[in-house]
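Following: one structure in structure tokens, then a few remarks.
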Amino acid sequence: MKMGKMTDRTALSVRDMVVTFDEYVALDKVSVDVATGESFGIVGESGSGKSTLLRAVAGLNRFEEGTLTVDGRNYKSHGRTKEFYRTVQMVFQDPYGSLHPRQTVDRLLLEPLVIHGFDNIDARIARALDEVGLGAGFRFRYSHQLSGGQRQRIAIARALILEPKILLLDEPTSALDASIQAEILNLLEQARKDRNLTFVMVSHDLGVISHMCERVAVMKNGQIVETVPVEALEKRAFSADYTRQLLVASEGFRRG
Amino acid sequence: MSGPLLTVDDLRVTFPTRTGEVQAVRGVSFTLGRERLGIVGESGSGKSQTGRAIMGLTPGHAKITASKLEFDGIDLLRVTPKQRRNLRGKRIGMILQDPKYSLNPVMTIGKQIIETLLAHEKLSRSQARNRALEMLEAVQIRDPERVFGLYPNEVSGGMGQRVMIAMMLICGPEMLIADEPTSALDVTVQLDVLSILDKLVAERGMGLVFISHDLRLVSSFCDRVIVMYAGRIVEELPSADLAQAKHPYTQGLLNCLPTIGTDRHPLPVLERKAEWLA
Ligand SMILES: Nc1ncnc2c1ncn2[C@@H]1O[C@H](COP(=O)(O)OP(=O)(O)OP(=O)(O)O)[C@@H](O)[C@H]1O
Ligand SMILES: Nc1ncnc2c1ncn2[C@@H]1O[C@H](COP(=O)(O)OP(=O)(O)OP(=O)(O)O)[C@@H](O)[C@H]1O
Ligand SMILES: [Mg+2]
Ligand SMILES: [Mg+2]
């Protein structure tokens, strides 16, 4: 039933996308359709191409072949308009690389607001910080003065502050403890409900995926090996071996 | 071995900032033997700064005090820079939370591993190359030959973490502080990496401080767990007794994890009490 939405309106459509780095094929004819308002999960082993897929959508990696349609518009391999970034925001896997270390939190949040001509800037920054559980005390810190999880939360605040329609989330909570993770996941869910946002979310935590998403794609070696509704995780109704391994491994460390 | 490998007593780390002092670590005490000690705690609770203080990696403008900070009888607050360099990498190792940024961005992964190897062992170039490739394979990197020639910005998040772990394997330190070493890894690879660390403890008698925000993981892997909140240790317990945790923060943590097959929207969150800061 959730997939039926796709015909209503597709937020994001990737067709036969190929990304190569020199000889290496990082994405091998990947196709994904995500409906408006849907939350779509991606899992898969390390190096399977999850970040590459999100980065290619966001215009940060070139793609050699295939097509990309976002919110009804076609995009080429490179070049993204200002309008694109108003529609699509990305939270990177790596909060160290994505935030300039010599900028204050205030600057980091202010810049996108100014670029896109927002009003009430001061109030928006204060609210964004509050939403990710960082008080006013953090506003004039430099990003290198923050802990790993605090940086990740600033990255999330910066993506949400522009009120985009589509959020690409690459391991958004893997640097956070369970209590803050719960707060961030609740915040993301609420934002999605309020504004009919579309999520594409990469995580290696199947618990997070099954909590947040309606469907999940499993990637391996640059390909999507299966796409299933998340209920399949609970019912163990999936075919890829890797999905099975992930489930077993998510139960914890066993010595022996 | 008599006495602990590491003794930390009343460690404090304070940063001056534009808006006043930040007390990142406020009186942390623990000892480490040849065991697996887990440190868990809230984001910003001082886990990384505790590890960095032990390694001597605290930023220069910060203030560090402790009534004791000792590794194998060596006073870590009074070592000379030269002694420090000798300790670091050889006897004490740390895997930093930001693995890709602790690697040299303009040198290929393979070259960095080889340099580390050659600093520790007498090997020919080709021997070193083979060993480096073996190391990458040991941490489950799929095509070691290709990754060998990549620069740090060309590897995925999980690959970067494993490269750091491979470097540590080479150094074979007596004590390893691993700061979120597996947070970017999917669970299957995570378990392989934990087995490697586990072997180092069991076979080489290494002392391991395993910093993580993942209580479930830590409790299944470590012998003991320290729980930090706002710069202090609020609870210390054997992993097996986690279910009997007394501090409301620890108890709360276990309750707010999303799991497969449960349907709790929104997830329960912790109500942080002012008295936890005391
Ligand atoms: N700039 C680049 N140059 C060369 N190879 C690259 C580059 N960027 C990515 N790759 C390769 O593409 C593959 C996929 O990387 P990607 O970051 O998409 O993996 P991932 O699925 O996100 O993994 P992880 O879970 O570890 O983050 C990896 O083998 C990586 O080395
Ligand atoms: N250079 C600095 N200047 C001021 N405050 C700092 C600095 N570095 C760290 N802090 C603060 O010290 C506190 C402890 O940071 P630390 O990195 O140890 O947290 P952590 O427990 O490792 O958290 P995480 O799980 O998010 O990585 C945080 O509140 C952080 O903002
Ligand atoms: Mg990735
Ligand atoms: Mg940290």
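The values are calculated or read from the model by the stated rules, or taken from the named source; none is laboratory data. These numbers were taken from a predicted model, which means no experiment stands behind them. Counting neighbours? That spans all protein chains shown, and the Cβs are built from the backbone with ideal geometry, glycine included. SASA here: full protein model, heavy atoms, side chains in, ligands and nucleic acids out. Shrake-Rupley method; radii C 1.70, N 1.55, O 1.52, S 1.80 Å.
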Karplus-derived 3J(HN,Hα), 6.51/-1.76/1.60, for each residue of segment B:55-68, Hz, glycine and proline x
7, x, 10, 6, x, x, 7, 7, 9, 10, 9, 6, 7, 7
Compute, for segment A:10-250, the length of the dipole vector about the Cα centre, with Cβ point charges of +1 (Lys, Arg) and -1 (Asp, Glu) only. Units Debye, rounded to 20.
520
For segment A:10-250, I need the span (max minus min coordinate) of the C-alpha atoms along each principal axis, in Å, sorted largest to smallest.
49, 38, 34
What distance in nm separates the two pseudo spin-label positions at B:D72 and A:N74, each 7 Å out from Cα along the beta-carbon direction?
6.6
What total accessible surface area, summed over both chains, is buried at the interface between chains A and B, computed with a 1.4 Å probe and given in Å² to the nearest 100?
4200
Per-residue HN-Hα couplings for segment B:202-213, Karplus 6.51 cos²θ - 1.76 cosθ + 1.60 at θ = phi - 60°, whole Hz, x for Gly and Pro?
5, 8, 9, x, 6, x, 10, 9, 10, 8, 7, 9
Please work out whether segment B:182-278 counts as rounded, prolate or oblate from its C-alpha gyration tensor, where a ≥ b ≥ c are the square roots of the eigenvalues and a/c under 1.5 means rounded, while otherwise a/b larger than b/c means prolate and anything else oblate?
oblate
Counting only DSSP beta bridges fully inside segment A:169-256, the antiparallel percentage to nearest 5 is 75
Amide H contacts of B:R232 (H built 1.01 Å from N, under 5 Å, at least 5 apart or other chain)
B:R26
For segment A:10-250, build the charge dipole from Cβ charges (+1 Lys, Arg; -1 Asp, Glu) around the Cα centre, then report which of A:P112, A:G41, A:Q93 sits farthest towards its positive end.
A:P112
Work from the charge dipole of segment A:10-250 (Cβ charges, +1 for Lys and Arg, -1 for Asp and Glu, about the Cα centre) and give the residue of A:G79, A:Y142, A:I180 farthest towards its positive end.
A:Y142
Hey, could you get me the Stokes-Einstein D for segment A:114-167, Kirkwood radius over alpha-carbon pairs, 20 °C and 1.002 mPa s, rounded to whole µm² s⁻¹?
182
Cβ-Cβ cut-off under 13 Å around B:K90, Lys and Arg +1, Asp and Glu -1: the net charge is +2
Put +1 on the Cβ of every Lys and Arg and -1 on every Asp and Glu Cβ in segment B:7-117; which of B:L87, B:M107, B:V22 then has its Cα farthest towards the positive end of the dipole?
B:M107
Beta bridges per DSSP with both ends in chain B, % antiparallel, nearest 5:
55
What average number of partner chain Cβ atoms lie no more than 10 Å from the Cβ of the residues making up A:42-49?
6
On the formula 1/(1 + (r/R0)^6), with r taken between the Cβ atoms of A:N186 and B:N86 and R0 of 51 Å, the FRET efficiency rounded to 0.05 is 0.60
222 nm mean residue ellipticity, helices alone, for chain A (DSSP H n ≥ 4; -39,500 (n - 2.57); rounded to 500)
-10500 deg cm²/dmol
Charge tally for neighbours of A:D177 with beta carbon under 15 Å away, counting Lys, Arg as +1 and Asp, Glu as -1, is -3
What percent antiparallel are the DSSP beta bridges of the protein assembly as shown, to the nearest 5?
55
Looking only at lysines whose Cα falls under 29 Å of B:K122's and that sit 8 or more positions away or on another chain, we get B:K82, B:K90, B:K100, B:K111, B:K199
Relative contact order as a percentage, segment A:10-250, C-alpha pairs under 8 Å and 6+ apart, gives 27
Within the set of other residues whose C-beta is less than 9 Å from the C-beta of B:R12, count the net charge using Lys and Arg as +1 and Asp and Glu as -1.
+1
Measuring with a 1.4 Å probe in the full set of protein chains, what accessible area per residue, in whole Å², belongs to the protein assembly as shown?
42
Solvent-free Debye scattering, log10 I(q)/I(0), computed from the Cα coordinates of chain B at q = 0.11 Å⁻¹:
-0.67
For the protein assembly as shown, what class follows from the C-alpha gyration tensor (a ≥ b ≥ c being the square roots of its eigenvalues): rounded when a/c is under 1.5, otherwise prolate if a/b is larger than b/c, else oblate?
prolate
Which residues' amide hydrogens lie under 5 Å from the amide hydrogen of B:D186, considering only partners 5 or more residues apart or on another chain, with H built in the peptide plane?
A:S46
Which residues' amide hydrogens lie under 5 Å from the amide hydrogen of A:V91, considering only partners 5 or more residues apart or on another chain, with H built in the peptide plane?
A:L168, A:L169, A:D170
Applying 1/(1 + (r/R0)^6) with R0 = 41 Å to the Cβ-Cβ distance of B:N104 and A:K235, what FRET efficiency is obtained, to the nearest 0.05?
0.30
If you average the alpha carbon positions of segment B:1-47 and of segment B:124-179, how far apart do those two centres end up, in angstrom?
28
Report, in debye and to the nearest 20, how large the dipole of chain B comes out about its Cα centre when Lys and Arg carry +1 and Asp and Glu carry -1 on their Cβ.
900
Mean other chain Cβ within 10 Å across A:206-213 is 4
What is the magnitude of the charge dipole of the protein assembly as shown about its Cα centre, with +1 placed on the Cβ of each Lys and Arg, -1 on the Cβ of each Asp and Glu, and no other charges, expressed in debye to the nearest 20?
1180
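When a/c reaches 1.5 or more, the comparison of a/b and b/c decides; with that in mind, is segment B:1-116 rounded, prolate or oblate per its Cα gyration tensor?
oblate
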Work out from phi, with θ = phi - 60° and the Karplus expression 6.51 cos²θ - 1.76 cosθ + 1.60, the ³J(HN,Hα) of each residue of segment A:162-179, listed in order in whole Hz, and give x for Gly and Pro.
7, 6, x, 8, 10, 10, 9, 10, 9, 6, x, 10, 6, 9, 10, 6, 4, 5
In segment A:10-250, how many lysine pairs have Cα atoms under 30 Å apart, counting only pairs 8 or more places apart or on different chains?
20
